[in-house]
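What follows is calculated from the coordinates using simple rules that are stated; it is not laboratory data. Being a predicted model, the structure only gives us computed values, none of them experimental. In this analysis, Cβ positions are derived from the backbone assuming ideal geometry, glycine residues included, and neighbour counts consider all displayed protein chains.
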Amino acid sequence: MCDTGYSVKQLVDDLRDLAREGRDDAAMAGAVPDLAKRLVLMKHNWLRSHMCVAGGGNAAGIYALHEEPDHSLAIFVVTWLPGDETPPHDHGTWAVIAGLDGHETNHWWKRLDDGTTPGHADVRRAGSERIDAASIIAMTGEAIHSLHNDSGAVSTTLHLYGRNVDYTDRHKYDPARHTIAPYKLGVTTRAIVSSQEAP
Ligand SMILES: [Fe+2]
């Protein structure tokens with residue numbers, strides 16, 4: 001079939017259909033990449049330069065394409081400057097990341113401790129892969145990853161989440177200090193709530 005015009009609105013409709021079916025985290029992480037890929041292929045129709053502005057100071061520039069009133073089905077365009085990186089973190093919901101422009105590196109992390117000591121976590125890197133316009137990664141809520149724009153140029157990616165990650169129980173990890181702590185972006189939340197749905 002010739003895909004002539006998949007849009008953010010069509011993606012949202014398809015995500016709503018999947019969510020209504022009551023699919024769990026793993027099923028959503030399995031199904032959403034194909035939808036994200038269709039939207040990436042149509043980026044010339046909807047991606048605009050004002051959506052791709054980096055935050056600066058190691059803060060992602062985040063443009064919200066969509067978020068349901070209950071904060072579910074959040075879709076963001078995320079832009080990083082060269083050198084920007086996140087700490088290892090989980091999301092507390094399924095997540096899908098697709099490259100749009102430029103490239104960056106995704107690192108996977110594995111938790112080695114049993115989680116019984118509050119505030120303590122031992123995580124170790126467990127693989128890496130490049131994210132560019134030809135690649136999509138997906139993960140369930142407990143998966144741990146970090147992103148690093150090690151490309152030397154601006155990198156922009158499409159992020160889809162089962163729920164806006166400022167409204168989930170998610171964590172960041174410090175591999176050197178062996179700690180785990182809540183991970184909220186705060187500033188991001190205000191930008192998301194005030195944004196409008198894109199075409
Ligand atoms: Fe993440």
Quiz item: Listed highest first by mean packing, meaning other Cβ atoms within 10 Å per residue, what order do 154-164, 135-145 come in?
Solution: 154-164, 135-145
Practice problem: Report, as a whole number in µm² per second, the diffusion coefficient that Stokes-Einstein gives for the stretch 58-199 at 10 °C and 1.306 mPa s using the Kirkwood radius over alpha carbon pairs. | Solution: 103 µm²/s
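Using a ≥ b ≥ c from the Cα gyration tensor of the stretch 1-105 (square roots of the eigenvalues), is it rounded, prolate or oblate, where a/c under 1.5 gives rounded and otherwise the larger of a/b and b/c decides, a/b for prolate? Walk me through the numbers on the way to the answer.
On the way: a/c = 1.85, a/b = 1.28, b/c = 1.44.
Oblate shape, in that a/c is at least 1.5 and b/c is the bigger or equal ratio.
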Self-check item: Qualifying lysines (Cα of each under 22 Å from Cα of K43; at least 8 residues distant if same chain)
Solution: K9
Exercise. Under a cut-off of 23 Å between alpha-carbon atoms, report the lysines in cross-link reach of K172, not counting same-chain residues fewer than 8 places apart.
Key: K110, K184
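Using helices alone, what [θ] at 222 nm do you get for the chain, with -39,500 (n - 2.57) per DSSP H run of 4 or more residues, divided over all residues and rounded to the nearest 500? Please report the intermediate quantities before stating the final value.
Numbers: 4 runs with 42 residues, N = 199.
Value at 222 nm, helices only, nearest 500: -6500 deg cm²/dmol.
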Quiz item: Each residue of the stretch 28-40 in order: what ³J(HN,Hα) in whole Hz does its phi give by Karplus 6.51 cos²θ - 1.76 cosθ + 1.60, θ = phi - 60°, with x for Gly and Pro?
Solution: 5, 4, x, 8, 6, x, 5, 5, 4, 4, 4, 6, 4
Quiz prompt | Highest-fluctuation residue, A74, A134, A176 considered, GNM on the chain with Cα pairs under 10 Å | solution = A176
